[in-house]
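Let me begin by presenting the structure, written as structure tokens, before commenting on it.
Where a number appears in this text, it was derived from the coordinates with a stated rule and is not lab data. Just so we're clear, the structure is a prediction, and the values are computed from it rather than from any experiment. Note that we place each Cβ from the backbone using ideal geometry, even for glycine, and neighbour counts take in every protein chain shown.
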Amino acid sequence: MGCLPIHSKSPWARHLRLVALGVAAIVSVAAIDAQSAWQPVGPAGGDARAFAAVPSDPSHLYLGTTNSWLYESRDSGRSWTRLAKIPGAETFVLDHIFVFPSDPRTIYVAAWRTDAPGGGIWVSHDAGKTWTELAGLHNQSIFAFAAAPSDARILFAGTLDGVYRSTDSGANWSLISPAASKEIHEVESLAIDPANPAVIYAGTWHLPWKTEDGGKNWKSIKQGIIEDSDVFSIVIDPERTGTVYLSACSGIYKSDNAGTLFKKIQGIPSEARRTRVLMQDPRNRQIVYAGTTEGLYKTEDAGKNFRAMTGTEVIVNDVFVDPRDPNHVLLATDRGGVLSSVDAGVTFTASNAGISERKVEALLVDRSNPGRIFAGVVNDKTFGGVFVSSDGGRSWAQTGKGLGGRDVFVLAQTAKGDLVAGTNSGIFLLDPPTGPGSSAPAPLDLLWEPRNAIANTITKAQTETVRNTRVTVEKKVAAPLIHIEGRVTALDVSGEVWLASTTFGLLTSSDQGTTWQGGPVMGDTDYLSVARHKNLFAAATNASVVLSKDAGQNWWPMPVPRMLTNIRSILFSPDGTLWLGAREGVYYTADLGKSWMWVQRLPLNDVDSLSYDPASGNILASSRSTDSIYGIDPKTLTFKWWSTGDSVTIVRAAGNKLVAASLSHGVLVEPASELQSTANASPRAAQ
């Protein structure tokens, strides 16, 4: 078996073939305004994929991401702004950016999709304001892209089909590798000889190839390379073009004879560590950086010795070395966004001001301070967890230690104001340090402590002597202690009794989470949402709702409308009305399920989240399938709606504003001048 290429979030990549498409008409569209209707405010960071610098001004940088957005920096990467969204899909990975040397207003971006085959190349001639797709490679997954160093009008693209070339700045393209080749396809990397554009190196998902005549003839250059290695990056020394570095899933290789023979550089990396990018220092060619899936490595002696420059938690996608100051090094990473070094890679700090590329699954507004917002993220390991903003989203800080890189799916606040997190592996309480001088600790000095002990009781029969007679009695005794280890999907900790939905079932705690009791209810453990109103508890699976009138000691099934196929969220409003969000829309009952009403004219289905806005008294509804949020007046059933500009997972009220969690752009904040449209809804009895 060969090594699988690491294309983040791309499960279809290996062995996939695209049917060649006919030449499509060039489509020119305006880029989406850098500011969408609602402002992304962080937490800063997320996935960063590729850098490009303006050749005449290296402090002017561009950054590609995994969700079609291009960022720009004019201060050497210290701060960033959203420049443009590449049109056509939400899931383009912008792995290659090229700025035309003689005209820096001309920018090329090559992309592939994470969710399906597809991609392409786009060009802007006005510094990113508008973009045109290059027709010749429409819907092609572009995994490699390069311009000839000797003539920037000659462009090369590596796709699933092979190597393409354009000699007219991308207006026309031709396949220069053999059509339907069984060898030269799934091209992951390209390198062009600095002096001769007819000499091309192509790295595929199964070894490297080379042509010296512009693609008329190709030869395998695999000698010295472990069989079936995926070739991620190729670097040609511009001063000694016979020196070629190559990175693969099996290690890093170097050739001193233009690819005739490669020798593996020992010690970096191990076969389990993939080197996604190699980058030479532009001033000292002996220095080469290797960005791997387990950190950054560096050689200062042309590959004889490499040493680790970061921890293994850093996944490096691209490296930028400032040609004016080689001590200034930037890394584009998974989860950590952009990391910056001013000492040639010895130390790194985050440089993500303006970058908001995180997936927020949990959002909480402090009930006593609407300017204090908590966000729980997923997929970010040690770079993630829970973040807090005390200024309405203008700045964020990672909060607390102890989550161990867990994903955070739900946040809840206790009656005292403490924070509780439900993760992909258990429940955690954020405890402040105690003792002198600990009245106002820094966010990261706080500690997340596990609250995962399930201390159930069981009935056990045992024999006792009563009045000289041996009798069998039943007594409740402590069951063996177990711990919550799976995903926590919902929490309500606002009362004396806490309620949690976990993979173990519905659990309650009467001692602030020190111990939990419970388990499957009505034979189900997959409860997705919980709600509380005084001593009334409710919980929903995707097909049913259960109710407890004694704070979770006993549960009963609640009748729900027969037409419902996927319940996703439940909510009690302050008057005790139970609201339900489902694939079919929004429903409510004022009599605990005896009768249900459907909000008939609400133009929103696939409702994923419901919440209550105490300032307006509205029920807030949102769906992951749309960028619209609806506020329903429960008395009049009129509703307002807001367009956020991004698909959202959750919406919450923060004083006189709304905030939302987006699928890939962090927290969104409603602008002060946001206009609201109103319409009338109507109730309809649900059967």
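Here the spin labels are modelled as points 7 Å beyond Cα on the Cα-Cβ line, and at residue 324 and residue 483 they lie 5.3 nm apart. For the chain, a simple Cβ point-charge model (Lys and Arg +1, Asp and Glu -1, everything else neutral) yields a dipole of about 1220 debye relative to the Cα centre.
Normalising by residue count, the range 359-450 has a Cα convex hull of 93 Å³ per residue. How far is the Cα center of the range 506-530 from the Cα center of the range 618-636, in Å? If we compute the Cα centre of each part, the gap is 28 Å. Over all other residues within a Cβ to Cβ distance under 14 Å of residue 513, the charged ones net out to -4, with Lys and Arg as +1 and Asp and Glu as -1. Dipole check for the range 231-368: with +1 at the C-beta of Lys and Arg, -1 at the C-beta of Asp and Glu, and the Cα centre as origin, the magnitude is about 300 Debye.
Each peptide in 138-144, 393-399 receives the mean, over its residues, of other Cβ atoms within 10 Å, and ordering these scores from highest gives 138-144, 393-399.
With both labels modelled 7 Å from their Cα along Cα-to-Cβ, the residue 453 to residue 431 distance reads 1.2 nm. Rounded to 0.05, the FRET efficiency of the residue 130 and residue 196 pair, given R0 = 35 Å and the Cβ-Cβ distance, is 0.50.
How long are the semi-axes of the ellipsoid equivalent to the range 50-126, from square roots of 5 times the Cα gyration tensor eigenvalues, in whole Å, largest first?
Equivalent ellipsoid of the range 50-126: 22, 14, 9 Å, largest first.
Given a Förster distance of 56 angstrom, what is the FRET efficiency for residue 78 paired with residue 524, based on the Cβ-Cβ distance and rounded to 0.05? Efficiency computed from Cβ-Cβ geometry: 0.60. Taking all Cα pairs closer than 8 Å and separated by 6 or more residues, the relative contact order of the chain comes to 9 percent. Measuring r between the beta carbons of residue 553 and residue 575 and using R0 = 25 Å, the FRET efficiency lands at 0.55. Percent of Cα pairs in the range 228-371 per distance bin of 10 Å, from zero to the largest separation: 11, 39, 29, 11, 6, 3, 1.
Take the Kirkwood radius over Cα pairs of the chain, plug it into Stokes-Einstein at 10 °C and 1.306 mPa s, and you get 57 µm²/s for translational diffusion.
By the rule of a C-alpha distance below 22 Å, with chain neighbours fewer than 8 residues away ignored, the lysines paired with residue 534 are 416, 549, 594, 635.
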